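To start, the structure itself, in structure tokens.
The values are calculated or read from the model by the stated rules, or taken from the named source; none is laboratory data. All of these numbers come straight from a predicted model, not from anything done at the bench. Positions of Cβ are generated from backbone atoms using ideal geometry, with glycine treated the same way; all protein chains shown enter the neighbour counts. Side chains included, ligands, DNA and RNA excluded: accessible areas come from the protein's heavy atoms. Shrake-Rupley method; radii C 1.70, N 1.55, O 1.52, S 1.80 Å.
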Amino acid sequence: MPHLLDKFTDWVFLHRLKLVIGFTLMTLVMVWFAATIRVDASFNKQLPQDHPYIQNFLKYQDQFGGANRVIIALTVDEGDIFTPEFFQSLREITDEVFYLPGVDRAQVQSLFTPNVRYIEVVEDGFSGGNVIPDDFEPTPEGFAQVRENIFKSGKLGQLVANDFSGAIISAQLLEVDPSTGKRLDYTEVARYLEEVVREKYAGREGVDVALGVHIIGFAKVIGDISDGARNVIFFFLVSFAITAVLVWLYAHSLRLTIPPLVCSLTAVIWQMGGLNLLGFGLDPLSILVPFLVFAIGVSHAVQMVRAFRMEVFNGAGSLAAARSAFRQLLGPGGVALITDTLGFITMLVIKIPIIQELGITASLGVGVIILTNLFLLPILLSYQKLPDTYRSKAAWTQAPFAIAAPEKVSRRDAAAERMWRALLVVTRPVGSIVVILLWLAAGIFGFMKADEVQIGDLHSGVPELRQGSRYNQDSDLITSRFSIGVDMISVLVEGGPNACVDHEVVSLMDRFEGTMRTVPGVQSVISLSSAAKVINAGFNEGSLKWRILPRNPQALAQAVSPIETATGLLNSDGSVMPVMIFLTDHKADTIRRVTDAVKAFREANPSPKAKFLLASGNVGVMAATNEVVAAAQKPIVYWIFGAVIVLCLITFRSLRATLCIVLPLVVVSFLSYALMVAMEIGLKTSTLPVVALGVGIGVDYGIYIYSRLKDALKRGEYFEDAMYAAFTQTGSAVVFTGMTLAIGVSTWMFSELKFQADMGLLLGFMFMVNMLGAITLMPAMARWLYRHHTGHTQAPFMLNGK
């Protein structure tokens, strides 16, 4: 094996110029593909396609509309909506919505659309019409008639605010834009809503009333996230600048600073271009992955720079130093990056397209780093001409953040040596036991807290955005003024043809509706049964005692017949009837209470004539997603740790080595769950991959340190001396990369995007604590797993380990 490695090394550096030219040409090609990558946001990517809720949702999506709604609320700050200016604006906005990209025009609802009607009982039978009649005039009489029609239609609280301070335009969006035949561009939809609707009508000039425009829905969420993602570029530049400064402080040479940054950026370019070639776009929720790839690339690049510098300090030339560094790190670096890649690939076990796409994006990026940082970087380093004075800085540059003049070499040398010798306390019997017990206690604490992690959102509004964002403020206002909002779950009652006129079925629906109204978090419930009771009372002079479901089939058919399919309360043959449940929010607890109540009612009231199917509506999608995340929470951890364990066993052929590398990662994973509990961060599609990302990157620290420990032990060194060699040879680079990664991602906590801030907090924590585990817990454990101890280090011990 060493012979093959030597031959491979010879081949790489014999053809180094050709390889550089090849990398350059390939990078230019990838630049073109990366520049043309599209933003690819899709509502369907959020759907766990194999889940029963989603299968029911998709089955009846064409009949009852999807969960991809946009709601526009036009409100007044004072008075009510019954003014000529308000009605004129409402009519114009309704017309604008008909031209919204991707809109299903048949599903647009507003007071001005013909599918919003009222029905009343008159002397001659039934009478009805549009809520706003064709001959409407904005006069006191006309407004009085519209007010009365709103009451008759039952749309108060649905399309009109409960206090008449606003009105809603509701629209369903299609995944494919009918006008273009292409997948709907949600950023274009959001831009249309802002420019054509909000900016034009909010605070409209020449209008006596102060109009407010409030917009919620998936398309608007994607638009706001895309706008916030532009700031991600700023944070990337900040992170890049911080990383560049820290790499320079570590290497103290521009010639050793620029190549790692160039190679890491090259990996990002290849990743973006590769995604485009594979037919993928960049989802706004995956916008952080390229920046993580850059950070991972820098962390591995620093290890290569560290090995290269060590050889230079020992008197080797640039070419010889690069060859030696390549040979040293091809094994451990390759194993670490392959482990990272396989860890990210484990995300594919989660049957949610957006998480699978995230796994593909991350694994592709890390896979590219194998080429750019393990092959291209050492080749570029071999061309660096370092001045002789650089070698005089050898000692003080061992400290991760040392800045000193050459005349201070001895003092810095002593400081670095004292730091690593002091840390060897973790290899002493008492010190190692203390460290192990402290980490064990932390692990037990994290394990206990892990059970408290909530699945789903823990706060009202959209968790991807901060609570004070415009979207969440709009959501709060709509929820407070109307009986509905964008948070709706629809339970599909499925029976045979004409089940809508079967008293047993409809009365069961009525009992179900009454049960759901008592569930905390339910704002309102609408179904065919409640509408039929109102109509039946209308047949009997409006008497409340007749607000019942008649048992006589003909009377029940008479009560149901005025309810049109356009209401969304039944399909064309009356076999399926949705029960629409509007919620105050979509918090995980709220969704769980509602779905549990539905399941409990279904089990307690079995019927051969009716099935209660979960679920449609946007909250139905969230419920399905939460259940998939809950089911995948443990398997994804098992998969990633399984991949890490197998690769460690294959690479080091040692159970002891595997335990030393893996157990610190397990403890940190539990601690990350404890942090999520403390910071009230729910486990969902945007945070579920964090553990995989943290473990995938954290394992690198242990692999690099253990590789140097193993080499020293093979040479016959005592354990303490071997550990000291590992610390001095790669420990500084591990500390540096851990701190650099943590500092870089911690800048995300200031982002406008809440999910980016959460990711920055969690990843920064995992990077830092994984680094601490690699330099404290791993040596403490190894002390009891390996023999050949002296109890102290043998002095003097050369930095090159010889």
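Looking at the chain only, what percent of DSSP beta bridges run antiparallel? Nearest 5 please. Rounded to the nearest five, the antiparallel share is 95 percent. Summing Cβ point charges (Lys, Arg +1; Asp, Glu -1) relative to the Cα centre of the stretch 215-361 gives a dipole of roughly 420 debye. Which percent of the Cα-Cα distances in the stretch 515-642 go past 19 Å? Cα-Cα pairs in the stretch 515-642 separated by more than 19 Å: 61 percent. Taking label points 7 Å from Cα along the Cα-to-Cβ direction, LYS545 and LYS182 give a separation of 6.6 nm.
Grab the beta carbon distance between GLU78 and SER572, set R0 = 41 Å, and tell me the FRET efficiency rounded to 0.05. List each step's numbers first, then the result.
Values: r = 44 Å, r/R0 = 1.08.
That pair, GLU78 with SER572, gives E of 0.40.
Between rounded, prolate and oblate, where does the stretch 443-500 land on the alpha carbon gyration tensor, with a ≥ b ≥ c its root eigenvalues, rounded for a/c under 1.5, else prolate if a/b exceeds b/c? Oblate. Segment PHE98..ILE242, full-extension length gain: 47.0 nm, with 0.36 nm per residue of separation and the alpha-carbon distance subtracted.
Could you work out the Kirkwood radius for the stretch 137-176, taking every pair of different alpha carbons, averaging 1/r and inverting it, reported in Å?
Details: mean 1/r = 0.0862 Å⁻¹.
After inverting the pairwise mean of 1/r, the radius is 11.6 Å.
Semi-axes of the stretch 588-717's equivalent ellipsoid from the Cα gyration tensor, sqrt of 5 times each eigenvalue, largest first, rounded to whole Å? Could you put the intermediate results ahead of the total?
Values: eigenvalues 411, 46, 22 Å².
The equivalent ellipsoid of the stretch 588-717 has semi-axes of 45, 15, 10 Å.
Decide, for the stretch 158-203, between rounded, prolate and oblate: order the square roots of the alpha carbon gyration tensor eigenvalues as a ≥ b ≥ c, take rounded if a/c falls under 1.5, and otherwise choose prolate if a/b is larger than b/c, else oblate. Oblate is the answer for the stretch 158-203, as a/c is 1.5 or above yet b/c matches or exceeds a/b. Given their separation in residues at 0.36 nm each and the Cα-Cα distance between them, LEU348 and HIS503 gain 51.1 nm when the chain is fully extended.
Solvent-accessible area of the chain (1.4 angstrom probe, protein heavy atoms only): carbon and sulfur portion equals 60 percent.
Let me check I've understood the local charge: for PRO178, count other residues with C-beta under 15 angstrom from its C-beta, Lys and Arg +1, Asp and Glu -1. What total comes out?
Values: positive: ARG105, LYS182, ARG183; negative: ASP62, ASP104, GLU175, ASP177, ASP185, GLU188.
Value of the local net charge: -3.
For the stretch 512-551, applying the loop criterion from DSSP together with a ceiling of 10 other beta carbons within 10 Å to the trypsin sites (Lys or Arg not before Pro) yields ARG551.
Tell me what the chain gives for mean residue ellipticity at 222 nm when only DSSP H runs of n ≥ 4 count, each as -39,500 (n - 2.57), the sum divided by the residue total, rounded to 500 deg cm²/dmol. Write down the numbers at each step before the final one.
On the way: 28 runs with 462 residues, N = 802.
Value at 222 nm, helices only, nearest 500: -19000 deg cm²/dmol.
Going down the list LYS45/LYS754; LYS200/LYS533; LYS220/LYS611, which pairs span over 32 Å between their C-alpha atoms? Walk me through the intermediate numbers first.
Working: LYS45/LYS754 20 Å; LYS200/LYS533 42 Å; LYS220/LYS611 34 Å.
With Cα atoms farther than 32 Å apart: LYS200/LYS533; LYS220/LYS611.
With Cα atoms defining each centre, the stretch 151-185 and the stretch 694-712 are spaced 55 Å apart in the structure.
Out of the stretch 67-115, which chymotrypsin sites (Phe, Trp or Tyr not before Pro) are coil in DSSP terms and have no more than 11 other C-beta atoms within 10 Å?
Filter output for the stretch 67-115: TYR99.
In this simple spin-label approximation, ILE37 and SER483 carry label points 7 Å from Cα along the Cα→Cβ vector, and these lie 4.8 nm apart.
Considering only the other residues whose Cβ falls under 12 Å of the Cβ of ASN605, what net charge follows from Lys and Arg at +1 and Asp and Glu at -1?
Values: positive: ARG511, LYS599, ARG602, LYS609, LYS611; negative: GLU504, ASP510, GLU603.
Neighbour charge sum, excluding ASN605 itself: +2.
If you plug the beta carbon distance of TYR383 and ALA320 into 1/(1 + (r/R0)^6) with R0 = 22 Å, you get a FRET efficiency near 0.95.
Would you mind working out the accessible area per residue for the chain, using a 1.4 Å probe, and quoting it in Å²?
Values: 32010 Å² over 802 residues.
Ligands and nucleic acids excluded, the result is 40 Å² per residue.
The stretch 739-786 and the stretch 337-357 have Cα centres lying 20 Å from one another.
Using 0.36 nm times the number of residues separating GLN356 and ILE743, minus their current alpha carbon distance, what extension gain do you get? Don't skip to the answer; put the middle values down first.
Details: separation 387, 0.36 × 387 = 139.32 nm, distance 2.78 nm.
Stretched fully, the GLN356-ILE743 segment lengthens by 136.5 nm.
Give me the Å³ per residue figure for the convex hull around the C-alpha atoms of the stretch 664-742. The partial results should precede the final answer.
Numbers: hull volume 7.4 nm³, N = 79.
Convex hull of Cα atoms, per residue: 94 Å³.
Diffusion coefficient (Stokes-Einstein, Kirkwood radius over C-alpha pairs, 37 °C, 0.692 mPa s) for the chain: 110 µm²/s, rounded to a whole number. For the stretch 614-660 and the stretch 432-471, what is the separation of their Cα centres, given in Å? For the stretch 614-660 versus the stretch 432-471, the Cα centre distance is 17 Å.
Applying 1/(1 + (r/R0)^6) with R0 = 35 Å to the Cβ-Cβ distance of VAL430 and SER654, what FRET efficiency is obtained, to the nearest 0.05?
Given R0 = 35 Å and the Cβ-Cβ separation, E is 0.85.
Less than 14 Å Cβ to Cβ from VAL453, Lys/Arg counted +1 and Asp/Glu -1: what total charge do the surrounding residues give? So the environment of VAL453 carries a net charge of -2. Taking a ≥ b ≥ c as the square roots of the Cα gyration tensor eigenvalues, with a/c under 1.5 meaning rounded and otherwise prolate when a/b beats b/c, else oblate, which class fits the stretch 287-381? Verdict is prolate for the stretch 287-381.
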